[in-house]
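What follows is a short report on a single structure.
Read-outs throughout are calculated quantities, based only on the coordinates presented, and are distinct from any laboratory measurement. These numbers were taken from a predicted model, which means no experiment stands behind them. For neighbour counting, all protein chains shown are included, and Cβ atoms are generated from backbone atoms with ideal geometry for every residue, glycine included.
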């Protein structure tokens, strides 16, 4: 909704959330005070309590309205591919690009996990479940290529792969040789799709032990 169509109260609430989002993303939840949030929103400290009862109330509103999943799931919905391999590769690249443009997304997720122990996650899940189920409907085009894995678990595994790539890239990228950096995302996706085991020879079935 355009800002100029909002009521004065809604515009003020939005300014508070913008201020809190910027502060918490850059310096963390514990280091952010209500006074800082109010100043960032152009309010006196007392004015902020006309809209939110506490700092956690503000953070919960941020999580419910601006969680990265709300950005990422629509990107997955728009992803195209002729095969499941192409689809997953395209989806992973799209998400990595998006998160690269919004490093604050990861800070928000880590704040929720570390400082709140995932307390708000059930509320987020309720909001994103319809998007997950809709995405699952799109995945049926590849059902002949895939094992019969429940879509919520498949999504959980994919998101886990994606975030593990991004976090380890932040931590280790500068320590790794350039040739290990170049195609790291493709390697992660290949492991996600095919695992780490060598395929069995054609003349050996899955129940036989390879000498």
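Below are the figures for this structure:
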item: Relative contact order, percent, the chain [alpha-carbon distance under 8 Å, six or more residues apart]; result: 18
item: Label-to-label distance, nm, for residues given as residue 102 and residue 176 (7 Å Cα→Cβ offset); result: 2.4
item: Inter-probe distance in nm under a simple model that places probes 7 Å from Cα toward Cβ, at residue 53 and residue 183; result: 5.6
item: Gained length - residue 65 relative to residue 22, 0.36 nm times residue gap less alpha-carbon distance; result: 14.1 nm
item: More than 23 angstrom apart: percent of Cα pairs within the chain; result: 58
item: Percentage relative contact order, the stretch 1-108, counting C-alpha pairs under 8 Å, at least six apart; result: 25
item: Distance between modelled label sites at residue 138 and residue 14, nm, 7 Å Cα→Cβ extension; result: 2.7
item: Relative contact order (%) - criterion: Cα under 8 Å, at least six apart; region: the stretch 3-62; result: 35
